[in-house]
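Scroll down for the structure; my scribbles are underneath it.
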Amino acid sequence: MVCPLARPSHQRAALQTAAPSARSAIPAAALLRVLIRNHFDVLLGPGSDFIPVMLYESRSLTARQRASLAKLQGDYEMLWAPVLEDLSQKGQIRGPAKLARLLIFGALNWTVQWFDDRKDASLDDLADAAMALFVQAPSLARQSPS
């Protein structure tokens, strides 16, 4: 639900990582971790002061700016869809991939409210915790009831 508008290099990196040719060679869970870590870097990394404004003040943008943002947002979120669909089909995330995407973005985006890089956790720690929260290990996924 956020796209790296002010950081086109992050957008390109995410696009390249999630390209169909790359997806076939990288397990979906590993690719999701890359996407989550990249998302945290955009949200919380250096130069991320624009993020709270983009997340919570987009109504202040002009209609044209909102339309541009919506297009970038859609393109960015589309990267996640096949990864989450794959994980959903394998039982590594519970529930429909679309709802998982929305819930994951909601949780990731909320970190701008509480994360403090001067405390104990790093962005890698956050990415690892998000993966532990959202993705079941393959052996556990096979054992859990549908």
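Derivation of every value follows stated rules applied to the coordinates shown; laboratory data play no part. Keep in mind that what you see is a predicted model, and the values were worked out from it rather than measured. Quick reminder, even Gly has a Cβ in these numbers, built from the backbone with ideal geometry, and neighbours come from all protein chains shown.
Taking a ≥ b ≥ c as the square roots of the Cα gyration tensor eigenvalues, region 26-146 comes out oblate, since a/c reaches at least 1.5 and a/b does not exceed b/c.
Placing +1 at every Lys and Arg Cβ and -1 at every Asp and Glu Cβ, with all other atoms neutral, what dipole size does region 36-146 have around its Cα centre, in debye to the nearest 20?
On the way: 12 positive and 13 negative charges, 108 e Å.
Dipole magnitude for region 36-146 comes out near 520 debye.
Here the spin labels are modelled as points 7 Å beyond Cα on the Cα-Cβ line, and at GLU57 and SER122 they lie 3.2 nm apart.
Note on region 28-136: dipole from Cβ charges, positive end direction compared against LEU31, PHE105, LEU61; the farthest Cα belongs to LEU61. Note on LYS90 and ASP49: the model spin-label points, each 7 Å out from Cα along the C-beta direction, lie 4.1 nm apart.
Can you classify region 66-120 as rounded, prolate or oblate using the Cα gyration tensor, where a ≥ b ≥ c are the square roots of its eigenvalues, rounded means a/c under 1.5, and otherwise it's prolate if a/b beats b/c and oblate if not? Show your work: numbers first, answer last.
On the way: a/c = 2.68, a/b = 1.21, b/c = 2.22.
Since a/c reaches 1.5 but b/c is at least a/b, the shape of region 66-120 is classed as oblate.
Sort 130-137, 82-89 by packing, meaning the average of other beta carbons within 10 Å per residue, with the highest value first. Working shown, then result.
Details: 130-137: 15.8, 82-89: 18.9.
My ranking of the peptides, most packed first, is 82-89, 130-137.
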